[in-house]
1. Run the accessible area of the chain with a 1.4 Å probe and give the carbon-and-sulfur part as a rounded percent.
2. Please calculate how many Å² of accessible area segment 1-124 carries per residue, with a 1.4 Å probe and no DNA, RNA or ligand atoms counted.
3. By the gyration tensor of its Cα atoms, with a ≥ b ≥ c the square roots of the eigenvalues, what is the shape of segment 1-67: rounded for a/c under 1.5, prolate for a/b over b/c, or oblate?
4. What number do you get for the chain when its Cα radius of gyration is normalised by 2.2 N^0.38 Å, N = residues?
5. Could you work out how far apart the two model spin labels at GLU3 and GLU45 are, taking each label as a point 7 Å from the Cα in the direction of the beta carbon, and quote it in nm?
6. Using a Förster radius of 35 Å, what is the FRET efficiency between ARG72 and LYS99 based on their Cβ-Cβ separation? Nearest 0.05, please.
7. Starting from the Cα-Cα distance between CYS12 and SER58, subtract it from 0.36 nm times their residue separation and give me the gain in nm to one decimal.
8. When only the heavy atoms of the protein chains count and the probe is 1.4 Å, how do GLU3, GLU45, GLU19 rank by accessible area, highest first?
Amino acid sequence: MPELTTEAQLLCDSSALEECGDAVTFEVLEWRRPASAFALRFDGEVVAYLNLCAHVPSEMDWQPGKFWDQDRRFIICSVHGALYDPPNGHCVSGPCVGKHLIKLTVQERDQQVYWYPSDRVQPAFLSGGQPL
Ligand code: FES
């Protein structure tokens, strides 16, 4: 069984994430099982979460990378309409108020965006593209 890594994982160029624009989605392992995650930019900051609604364990985007509500103010789950506050992932409306998305640590430096694995969320691929 491979060791867990805590090394920064290159996600994308900063320019790929426009303010309240489409998300960049990426494959991860959650507790060693395939899952997906997404990153988007709100108020200038990049945030990333597992693509997993806090209501029912379902992916949230109605089309790949489409996570915004109509006003581009909240992250919306397309299944039953839960709204999440982008900076912290807290559900502010819908069937899972009081719950929150699972946040990934991200960092932006030198015009690139990185995410940091945790015990829970690991990269699905090594940097060379091989599956772990
Ligand atoms: S599964 Fe997301 S709101 Fe119900």
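1. Answer for the chain is 49 percent, counting heavy atoms of protein chains only.
2. Roughly 55 Å² per residue, with all protein chains present.
3. It comes out oblate by the Cα gyration axes.
4. Details: Rg = 14.3 Å, N = 132, 2.2 N^0.38 = 14.1 Å.
Expressed relative to 2.2 N^0.38 Å, the Cα Rg reads 1.01.
5. Placing both labels 7 Å along Cα→Cβ, they lie 3.2 nm apart.
6. Values: r = 22 Å, r/R0 = 0.63.
Between ARG72 and LYS99 the formula returns 0.95.
7. Stretched fully, the CYS12-SER58 segment lengthens by 14.1 nm.
8. Final ranking, largest accessible area leading: GLU3, GLU45, GLU19.
The values are calculated or read from the model by the stated rules, or taken from the named source; none is laboratory data. Since we're looking at a predicted model, the values are computed, not measured. Neighbour counts are summed over all protein chains in view; Cβ atoms, including those assigned to glycine, are modelled from backbone coordinates with ideal geometry. Calculation scope for accessible area: heavy atoms of the full protein, side chains included, ligands and nucleic acids excluded. Shrake-Rupley method; radii C 1.70, N 1.55, O 1.52, S 1.80 Å.
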